[in-house]
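K.L.:
Submitted below is the structure of interest, expressed as structure tokens.
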Amino acid sequence: MSDTPAAADEPRGERIAKYLSRAGITSRRDAEAMIAAGRIRLNNAPVSHPAVFVKDGDIVLVDGKPVGEPDRTRLWRFHKPEGLVTTHKDPEGRPTVFDKLPPGLPRVMSIGRLDLTSEGLLLLTNDGALARQLELPATGWLRRYRVRVHGGVAPDKLKRLAEGLAVDGIKYGPIEAHIDSVQRSNTWMSMSLREGKNREIRRVMEALALPVTRLIRVAYGPFQLGTLP
């Protein structure tokens, strides 16, 4: 079988990069790099481009080893502690979330990220397509956080958060925020947002002269951190 795209009147199957991602082999992006490196074969023919579809009964080889059928889609909750980065490969050699997972899990990927000093709920899945879908702002899932900032929070700053603001040329959407408690020079807040740009809460609060000293994600859409250890 050649590795040309399937004809229009044939069942198309599943794109090979997606197939490898669901099988827990690698991410879609890395799958394309593996194809370019000549590491993938389909029915004993080399795969030279990602526009190839895998159908039932096809045999896929990675580095000469057969790939098993993709596992059913699964999702896990993980309580991320401070001090771990959410990446499979960190160029600085810092410990990662994936270094700390229990043995026996398939290859998983995170749905969104939490930065090094952030804590709380991180969703993990073995399905790359699901991860991408749930990360999209269009999905509309609310992310909820408990946030400690240094300083007092005036009503006008809560209003600016609710309206959305621009920081260093980046426009951030509305953030719903409420004051929970004040402890000496610190204020604990509940914050909710739907967009989730990189380090969004930290950057927005820094722009309001309220540096974040602790950030805990307590919910991602319908999934709650709860009492997860």
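K.L.:
Could you list, in sequence order, all residues of the stretch 88-107 that are within 23 Å of Arg72 (Cα to Cα), assigned to a loop (DSSP other than H, G, I, E, B) and touching a Ser or Thr at 6+ places or on another chain (Cβ under 9 Å)?
P.N.:
Across the stretch 88-107, the qualifying residues are His88, Arg107.
K.L.:
Can I ask one more? Out of all the residues in the stretch 190-214, which are in a strand (DSSP E or B) and charged (D, E, K, R)? Full working, then the answer.
P.N.:
Taking the stretch 190-214 and keeping what is in a strand (DSSP E or B), we get 190-193, 212-214.
Arg214, the sole residue that qualifies.
K.L.:
Farther than 30 Å from Leu20 by Cβ, hydroxyl-bearing (Ser, Thr, Tyr), surrounded by 15 or more Cβ atoms within 10 Å (Cβ to Cβ) and not assigned by TED's automatic domain parsing to the domain that holds Ile25: does that describe Tyr220? Step through it out loud before you land on a result.
P.N.:
Numbers: farther than 30 Å from Leu20 by Cβ: no; hydroxyl-bearing (Ser, Thr, Tyr): yes; surrounded by 15 or more Cβ atoms within 10 Å (Cβ to Cβ): yes; not assigned by TED's automatic domain parsing to the domain that holds Ile25: yes.
Answer is no for this residue.
K.L.:
Now a separate question. What number of residues within the stretch 37-57 are basic (Lys, Arg), under 18 Å from Gly13 (Cα atoms) and part of a loop (DSSP other than H, G, I, E, B)? Before the answer, list the steps.
P.N.:
We begin by selecting, within the stretch 37-57, every residue basic (Lys, Arg); these are 39, 41, 55.
Now drop any that are not under 18 Å from Gly13 (Cα atoms), which leaves 41, 55.
Now drop any that are not part of a loop (DSSP other than H, G, I, E, B), which leaves 55.
The qualifying residues number 1.
K.L.:
Please count how many residues of the stretch 136-161 are surrounded by 12 or more Cβ atoms within 10 Å (Cβ to Cβ) and either of a type in the set (Ser, Thr, Tyr) or outside any strand (DSSP E or B) (or both). Steps first, answer last, please.
P.N.:
Pass one, the stretch 136-161, residues surrounded by 12 or more Cβ atoms within 10 Å (Cβ to Cβ): 137, 141-153, 157-158, 160-161.
Filter again for either of a type in the set (Ser, Thr, Tyr) or outside any strand (DSSP E or B) (or both), leaving 137, 141-142, 145, 151-153, 157-158, 160-161.
Counting residues in the stretch 136-161 that are surrounded by 12 or more Cβ atoms within 10 Å (Cβ to Cβ) and either of a type in the set (Ser, Thr, Tyr) or outside any strand (DSSP E or B) (or both) gives 11.
K.L.:
Have a look at Gly104, Gly120, Gly83 and point out the one that is over 18 Å from the mean Cα position of the chain (by Cα) and more than 20 Å from Glu14 (Cα to Cα). Even if it seems obvious, please write down each step before you answer.
P.N.:
Details: Gly120 fails: over 18 Å from the mean Cα position of the chain (by Cα); Gly83 fails: over 18 Å from the mean Cα position of the chain (by Cα).
From the options Gly104, Gly120, Gly83, the qualifying one is Gly104.
K.L.:
Out of (1) out of contact with any Ser or Thr (no Cβ under 8 Å at 6 or more places or on another chain); (2) loosely packed, with under 15 Cβ neighbours inside 10 Å, the odd one out for Gln133 is which?
P.N.:
Unmet for Gln133, out of (1) out of contact with any Ser or Thr (no Cβ under 8 Å at 6 or more places or on another chain); (2) loosely packed, with under 15 Cβ neighbours inside 10 Å: (1).
K.L.:
Same structure again: What pairs come out if I take residues in the stretch 137-165 that are of a type in the set (Val, Ile, Thr) and pair them with residues that are part of a helix (DSSP H, G or I) whose C-beta lies under 7 Å away, six or more apart or interchain?
P.N.:
Within 7 Å, the pairs are Thr139/Gln133; Val147/Ile201; Val149/Met205.
K.L.:
Just to be sure, is Ser48 more than 30 Å from Val212 (Cα to Cα), surrounded by 15 or more Cβ atoms within 10 Å (Cβ to Cβ) and among the polar types (S, T, N, Q)?
P.N.:
Working: more than 30 Å from Val212 (Cα to Cα): yes; surrounded by 15 or more Cβ atoms within 10 Å (Cβ to Cβ): no; among the polar types (S, T, N, Q): yes.
So Ser48 fails the test.
K.L.:
When residues of the stretch 161-203 are filtered for being farther than 21 Å from Thr139 by Cβ and either among the β-branched types (Val, Ile, Thr) or touching a Cys at 6+ places or on another chain (Cβ under 9 Å) (or both), how many remain?
P.N.:
Narrowing the stretch 161-203 to residues farther than 21 Å from Thr139 by Cβ: 161-163, 165-169, 177-190, 202-203.
With either among the β-branched types (Val, Ile, Thr) or touching a Cys at 6+ places or on another chain (Cβ under 9 Å) (or both) added as a condition, the list becomes 167, 179, 182, 187.
Number satisfying all stated conditions: 4.
The values are calculated or read from the model by the stated rules, or taken from the named source; none is laboratory data. Bear in mind that the values here come from a model prediction, so they are computed numbers and not experimental data. Quick reminder, even Gly has a Cβ in these numbers, built from the backbone with ideal geometry, and neighbours come from all protein chains shown.
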